[in-house]
Each structure stands twice: as structure tokens, then as C-alpha cells.
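These notes are about the structure you will find just below.
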Amino acid sequence: MAQCDGEFGELRSYLLSKLMQNPYLDYDKTMNEFLEAYYGKGWENIREFIDMTIEKPVEEGEHLMIYSAMSETLGFTERDVEATDVLWENAKAEAETETQKNNVIRSEICWRLWKAYNGYDRQDNEKLIEDIKALGITMTHEGDSKGADGLNFYGDSVKRWGDEILFPVSIVFYGICVALSVLCAVFALKKKPRSYIYLLLPVLIGVFFEIFGWHRRAYIAWRDIDEYALTLVLIVVLYAVAGAVTGRGLKKRILSAVITSALWFAFYEAFILIINNVIFKGNGASLAIGAAFAFTGIYSIFVLAVNLEKLIKEAKK
């Protein structure tokens, strides 16, 4: 336990042992007895922290799951964070012996990790890693072999950027594309029934994939990878068909199909490669995919706007 504990492992072991001896014991009384003996006079501060995590394990309306990221746990407000910092400081200050103070410091690791993963006290991150090593904690999660050196405090925060900002923004962009493509179709079908109708199809399918988020879930979790590959191929094929419809003659159609699909795929993969693999060293998948969709949405808006302008000018003539 000493190799991996920084999250009340001693308390859990004690309570489980007591419950196996007597499943009808006074749970709160037993917990408080341990906390007082283990942490000293400041034990009530730690009990209050434990109660807070039970009352607000996640943000309101959310559900805590086994694969929840650190940024998706604890529905604490800024005021809660400040109050919790005070609780831990009080617990350390009121410890009666050096051993009790060290016990508080060790158990505080879980709180400091949560703050690091959620963007608080970033100047303390290096000190946190040093403290984890000094305490002899060599594992930070199951199956881990890197210990503190394998911690990456930015993966969860950039995931939040992807999930809560870039994905909604990209959906808005694709929504604009739908509106523009409908206008293009209205103007185009009056004069050239086959020239611009292609604009409507890939955009609508793109919105469908965006809303259901198959790419995001499959890519990040590396589950349902077949669905990820299938949807990626479908989008590429749709853009290829779109390019083929616009050409005149077999060679131009083939060239247009290749260029149209290749441009979308190049933009999409370039953003994922640069943001996820280069900038965030493999820890920014959500941000990268969100940025890729947002950029391709902007790109599609630009193409549609240019074509709509041409169609409006032709209609005026």
C-alpha cells in the first residue's frame, strides 16, 4: 500500500477490517476514531473534506463512472476549492506529532493531484511530483509503471477544451454550413441542377457524425475503432463524390474527387497530428479532434460562401 497510496488507503483498510468483524458497527463513529488517532487534533478538517467529496462527487446532473477523467470528478465551486485548501492547512497545523503531520501530507496528495489535473496551482506541479517521489509513492494508477514521472496534468484540462468548447463550436460551424448549403442548392437547382447539389450532402453527413460524436468516443477510448474508421472513410468518400459531381469529363471528375477528399482528410489529420502528438505528446486527443472539426467547419463555410456568392451573381444576371 505504501507504494501506491495517497488517497486514504489506510482509512479504507481499517474500515473494511472493522466491517468484516462487525457489519453492524457505527460507521461514522469508527471512521472518526481512526481519523483522530491517525491525523491528530485536526482530524475534523479531513472528515469535512471527505464529506464534501461525498456530497459533490461530480457536477450537478452528471454521473461518476469508472472511466471518468479527473476533470469530470468533484463538482466543487471556486469557493469550495478555497475552503478545502484551508481545511488541509488547518489539519497540518493542528497535527500533534511529526508522524501525524506526515500522514496528513501524504493523504493530501489526492487533493493536490485533483487540483493539478484541473488547472489549479500549476506552479506547485513540480513540487507535487517531488513530494510523491519523496513519500515513496511509485504508482499513480492501476497498471502504472512510470510513477510520478508518468503524470500529465494537462490531458484532462485540454480534454475539457475539446468537449466543452471546440466540439460545440464545430457543431455551430457545421450548422452554418447546412444553412449555406441549402441556399446554394436553392439557387443552383434553378440553373445548374448538378453543379452545386453536392455541397449539401457532405455537410449534412458531417453534422450527423458531429452530433453523435462517434469519432470522439472511438478515438479517445480506443473502443469501437471500427466505427471510427468507418465514419472516417464515409466522410472521405462523400467528399470524393462531391468533387466528382463538380467536374466535367472523366479525368476532371477523378482529379476533383481526389483533391476534394484529400484536402479534407489532410486538414483533419494534420490538426490531430500537430495538436495531439506534437504539442501535447499524445494527451490532447479531444482538443485535437475538436480543433480538426472546427477548422474543417470553417473551411466548408468559406467554400460554401464563395459558391453562394457566385450563384447569387449568376441569379442577378
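Derivation of every value follows stated rules applied to the coordinates shown; laboratory data play no part. Predicted, not measured: the structure shown is a model, and the values here were computed from it. Every residue, glycine as well, gets a Cβ built from its backbone with ideal geometry; the counts of neighbours run over all protein chains shown.
In what sequence, highest mean first, do 106-117, 16-27, 172-183 appear when ranked by Cβ atoms within 10 angstrom?
Values: 106-117: 20.5, 16-27: 10.1, 172-183: 18.7.
Packing order, densest peptide first, comes out as 106-117, 172-183, 16-27.
Can you classify the stretch 9-150 as rounded, prolate or oblate using the Cα gyration tensor, where a ≥ b ≥ c are the square roots of its eigenvalues, rounded means a/c under 1.5, and otherwise it's prolate if a/b beats b/c and oblate if not? Walk me through the intermediate numbers first.
Values: a/c = 1.36, a/b = 1.21, b/c = 1.12.
Here the stretch 9-150 falls in the rounded category.
How do V233, V58 rank when sorted from fewest to most other Cβ atoms within 10 Å of their own Cβ? Walk me through the intermediate numbers first.
On the way: V233 11, V58 14.
If I rank by nearby Cβ atoms, fewest first, I get V233, V58.
Could you name the aspartates and glutamates in cross-link range of K317, using Cα to Cα under 15 Å and dropping any fewer than eight places away on the same chain?
E309
To make sure I understand, if each residue's beta carbon is the centre and we count other beta carbons within 10 Å, what order do Y268, Y67, Y38 fall in, fewest to most?
By the 10 Å Cβ count, ascending: Y67, Y38, Y268.
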